[in-house]
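**Q** Next up is a structure, given as structure tokens.
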Amino acid sequence: MTVTAGGELSAAAEDRFQRSLAAIAKRFPDIAAAIPRGDTVSRAVTEDGEPIDIDLGQGRLYNGDGRALAQEQAERFLKKPLRFYVNDLLSANLGSGVAMRMAWALKRHVDATMTGKLLEMPSHDGAFLFVLGVGLGHHLPDLVAKARARDIMIFETHAEFLRHSLAAVDWEKLFEAADDAGREIHLHLMQDPDDILNCVARMIARRGPPMIDGSMVYLTYGSWQMRQVQERLWSVVDRAFISSGFFEDEKIMIANTIGNMLAHPFGLLDSHPRLMRNEPVFIIGSGPSLDAALPHIKRLADRAIIFSCGTALKACLKNGIVPDFHCELENGPEQYELLSLVRRDHSLDGITLIASTTVEPRSVGLFNDIILYFRDSGSATRAFAKEPMPIVGAAPTVANTATTAAGIMGFTTLYLFGVDCGARTDGAAKHAKDSPYVTDEEWAKRDAGYRYPLEAPGNFGGVARTDWLMDLSRRLLGQVAQVRHLKVYNCSDGAQVKFTVPRLPANVRLDGPVLDRAAIKATLVKRMKHYAPGAFLAEFSLADFTTDVGRMFDAWADKLDDIEAESRHLVDVYDRLAEFCESTRSDYSGTAALITASAITFVKIAMYFAHRMPDEDDRKSLLAAFLAEMRAILSDMRGESLALLEGLAAEFTRPTAAAVNQTVA
């Protein structure tokens, strides 16, 4: 027996290498092209010409015979895999009354009719297996052959490891075994945890979020990147299973949009390209690091255009910083209450509001100068917005709103302050000390005891804490910076944002002159289209819109008839409804968005139960109960939608004033 680092491969290993490389090149040509061909820093450790370990230069990957160690690890995993699953659906935040109604209706059906008990964990053949690391790949044959998964996503961060694996395992046979078992291998060579998580999210969307329930994750080796992915996969899975919208919210957004357009004069921020501007912009969020940054913001405030975000407005005004623009995104009454607290102590004169059309009209009415924009999705956008009106990238937080708005206005150099996307340390405050979430006793209760559950790279090194919403926010901020070619300096002591440059607030220097901020703002606002109250809706027919809502619900009833006649299992129901939702996105005056997210959530709920039912007859009974309950819920949703529109009709007066259009320079 001869063990050698960088030793010669046996003839069998050489042949395996060539066949494996050809097999990967056939299915994943980009990955094959990225596999190094010459000398590598790491070296395969061979025993009699067969790879058994990888010499890293300062230690080894397996520290032993990788064949035996990988087999033992795979056997332990297959006996007790690490799985992602919904533990208790009825305790989950489904975000919607109609969703909870479906969940409880199916729970009562199961309790009354099921022959046995629900399994503690899901059991189905459509799950995912996420393999974090290839190494030499000796674990892969057992996982492909025995793990109960339809999609096997294999990630490797080191191209050299993948190269060494070509001689260790037969990738050609690996692909053939997966094909024979009805499984699909998805091989990815990625270094950044964010890229891996985005890839996972895209695959979940492609296959259908219900399939994530019961999926497995296999950690091959514990590098920092792979541990980050393993930890943060939970947030991707949670986000995939929870609805991205719901009926009750869609009703509010339609009512708020109509209410704002009838009540207020406003300028419209759309996605038309604008001339580039070289003035610096400060984006001010209310993260805890804002406290230390405020003196530096105040020092430079006359040399930058200032956007405040959400509750950062109070912190700015209390410290003598008057924003040029203030951004709001959420549609509930909470924003009105928070803004009212600010207005109680400070004047909002001279501050221009930038808000989604769906923000509550009372909140919008607190400002004299108003800019509205359409979100990139939702029933209100599809019903009222025409291209190129919707703004992409303005969610999920107001920091995203401000960053995207500044980019659309033409600004190219941005500084982020208090945009922490989490907190620097575990247990730290969520907001700056002058935010109402700290200064107001009632609002402070909402933050009390909150701890961020996830880790992310820190902006100034180390590790920061975050949660799934803040993690999504920081990833989308980076994407906006990249896509819009923005030069962004992140002066926030929180989570890292890709495609930004870390900079301490004390080190920010602005060499430009003192700005005439009022004149710059006036120029920007003048170039927008402006509408008198009601003018935007001059050609909108509420009667036609109401008719289309009825037609849309009729189409859903017909679709359920087809499904009841043709579908025999809930996976097919999900696929049919998802396809139907996509095909009707722009139909019926855009009203389909009223119910599509909720309807898909209904099927997710039903599949939660079905995946825990071992008996086929029980699953058939569940399908019938699901379709009956969905009909009943849709009937009630129809009634609520028409009642909403009837109420709006009582206040709706067709405007005669024409829009005042300003030409974009």
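The values are calculated or read from the model by the stated rules, or taken from the named source; none is laboratory data. Since the structure is predicted, the reported quantities are computational estimates derived from the model, not experimental observations. Glycine gets a Cβ as well: all are built from the backbone with ideal geometry, and neighbour counts include every protein chain shown. All accessible areas refer to the heavy atoms of the entire protein, side chains included, with ligands and DNA or RNA removed. Shrake-Rupley method; radii C 1.70, N 1.55, O 1.52, S 1.80 Å.
**Q** Assuming a ≥ b ≥ c are the square roots of the Cα gyration tensor eigenvalues, decide whether the stretch 352-396 counts as rounded (a/c under 1.5), prolate (otherwise, with a/b larger than b/c) or oblate.
**A** Values: a/c = 1.99, a/b = 1.82, b/c = 1.09.
Taking the square roots of the gyration eigenvalues as a ≥ b ≥ c, the stretch 352-396 is prolate.
**Q** I would also like to ask the following. Please work out whether the stretch 499-563 counts as rounded, prolate or oblate from its C-alpha gyration tensor, where a ≥ b ≥ c are the square roots of the eigenvalues and a/c under 1.5 means rounded, while otherwise a/b larger than b/c means prolate and anything else oblate? If you can, show how the numbers build up before the last one.
**A** On the way: a/c = 7.66, a/b = 2.00, b/c = 3.82.
Taking the square roots of the gyration eigenvalues as a ≥ b ≥ c, the stretch 499-563 is oblate.
**Q** I'd like the accessible area for Thr46: 1.4 Å probe, protein heavy atoms, all chains in place, Å² to the nearest 10.
**A** Spelled out: Thr46, probe radius 1.4 Å, area about 0 Å².
**Q** I would also like to ask the following. Per residue of the stretch 10-27, what does 6.51 cos²θ - 1.76 cosθ + 1.60 with θ = phi - 60° give for ³J(HN,Hα)? Whole Hz please, x for Gly and Pro, Karplus curve as stated.
**A** Residue by residue, the stretch 10-27 yields 5, 4, 5, 5, 4, 5, 4, 4, 5, 5, 5, 4, 5, 5, 5, 4, 5, 9 Hz.
**Q** Moving to a separate point now. Going by amide H atoms built from the backbone, whose H comes under 5 Å of the H on Arg503, apart from near neighbours?
**A** Asn490, Cys491, Ser492
**Q** Might you work out the accessible area of Asp302 for me, using a 1.4 Å probe with all protein chains in place, and round it to the nearest 10 Å²?
**A** Per-residue accessible area (Asp302): approximately 60 Å².
**Q** Which far-off residues, 5 or more places away or on another chain, put their amide H under 5 Å from the one on Lys529, with H placed in the peptide plane?
**A** Residues meeting the amide H criterion: Leu268, Gln662.
**Q** Work out the charge dipole of the stretch 525-654 with +1 on the Cβ of Lys and Arg and -1 on the Cβ of Asp and Glu about the Cα centre, then indicate which of Thr601, Leu644, Ala624 is farthest towards its positive end.
**A** Leu644
**Q** Can you give me the accessible area per residue for the stretch 357-509, using a 1.4 Å probe, in Å²? If you can, show how the numbers build up before the last one.
**A** Details: 5760 Å² over 153 residues.
Using a 1.4 Å probe on heavy atoms only, each residue of the stretch 357-509 averages 38 Å².
**Q** Order 141-148, 163-170 from most to least packed using the mean count of other Cβ atoms within 10 Å.
**A** Highest-to-lowest ranking by the protection proxy: 163-170, 141-148.
**Q** With a 1.4 Å probe and all protein chains kept in place, how do Glu8, Glu279 rank by accessible area, largest first?
**A** From most accessible down to least: Glu8, Glu279.
**Q** Which pairs break 21 Å Cα to Cα here: Lys26/Lys173; Lys107/Lys251; Lys318/Lys433? Spell out each step's value before the answer.
**A** Details: Lys26/Lys173 13 Å; Lys107/Lys251 27 Å; Lys318/Lys433 11 Å.
Pairs exceeding the cut-off: Lys107/Lys251.
**Q** Also, I was wondering about something else. Would you mind putting 438-444, 303-309 in packing order, based on average other-beta-carbon counts within 10 Å, highest first?
**A** 303-309, 438-444
**Q** Something else: Ranked from the most accessible area to the least, with a 1.4 Å probe and all protein chains present, what is the order of Leu348, Leu61?
**A** Sorted descending by solvent-accessible area, the residues read Leu61, Leu348.
**Q** Determine the shape class of the stretch 191-330: with a ≥ b ≥ c the square roots of the Cα gyration tensor eigenvalues, call it rounded for a/c under 1.5, and otherwise prolate if a/b is greater than b/c, oblate otherwise.
**A** Oblate shape, in that a/c is at least 1.5 and b/c is the bigger or equal ratio.
**Q** Let me ask something else about it. So, counting K/R as plus one and D/E as minus one, what does the shell of residues with Cβ under 10 Å around Val98 add up to? Can you show the working numbers first?
**A** Details: positive: Arg101; negative: Glu248, Asp636, Glu640.
Result for the neighbourhood of Val98: -2.
**Q** On to the next question. Under the rule of at least 5 residues apart or a separate chain, name every residue whose amide H is placed under 5 Å from the amide H of Gly310.
**A** Cys327
**Q** Any chance you could check the Cα centroid distance between the stretch 277-306 and the stretch 105-133 for me, in angstrom?
**A** Using only Cα atoms to place each centre, the spacing works out to 51 Å.
**Q** Where the accessible area of the stretch 565-621 is counted over protein heavy atoms with a 1.4 Å probe, how much of it, in %, is carbon and sulfur?
**A** The C+S portion of the solvent-accessible surface of the stretch 565-621 is 44 percent.
**Q** While we're on this one: Candidates [x] -0.56, -0.72, -1.06; [y] -0.77, -0.85, -1.03; [z] -0.61, -0.77, -1.08; which is the computed log10 I(q)/I(0) by the Debye sum over Cα atoms at q = 0.07, 0.08, 0.10 Å⁻¹?
**A** The listed entry that was calculated here is [x].
**Q** Explain nothing, just compute: Karplus ³J(HN,Hα) = 6.51 cos²θ - 1.76 cosθ + 1.60, θ = phi - 60°, for every residue of the stretch 310-323 in order, whole Hz, x for Gly and Pro.
**A** Values, residue by residue: x, 6, 5, 4, 5, 4, 5, 5, 5, 9, x, 10, 9, x Hz.
**Q** A follow-up question, please. Whole Å is fine, so just give me how far the alpha carbon centre of the stretch 310-364 lies from that of the stretch 373-417.
**A** Value for the Cα centre distance between the two parts: 17 Å.
**Q** Which one, His158, Gly97, Phe536, is farthest towards the positive end of the dipole of the chain when Lys and Arg carry +1 and Asp and Glu -1 on their Cβ?
**A** The residue sitting most towards the positive pole is Phe536.
**Q** Residue by residue, what Karplus-based ³J(HN,Hα) values in Hz, rounded to whole numbers, does the stretch 380-385 have, using 6.51, -1.76 and 1.60 with θ = phi - 60° and x for Gly and Pro?
**A** In residue order, the calculated couplings are 5, 5, 5, 7, 10, 8 Hz.
**Q** When Lys and Arg each count +1 and Asp and Glu each count -1, what net charge do the other residues less than 14 Å away from Pro502, Cβ to Cβ, add up to?
**A** With Lys, Arg at +1 and Asp, Glu at -1, the net is +3.
**Q** Moving on to the next point. Could you tell me the accessible area of Ser223 in Å² (1.4 Å probe, neighbours in place), rounded to the nearest ten?
**A** 20 Å²
**Q** Rounded to a whole number, what % of the accessible area of the stretch 1-110 do carbon and sulfur atoms account for, probe 1.4 Å? Don't skip to the end; give the middle numbers.
**A** Values: 3110 of 6220 Å².
Taking all protein chains in place, the stretch 1-110 shows 50 percent carbon and sulfur surface.
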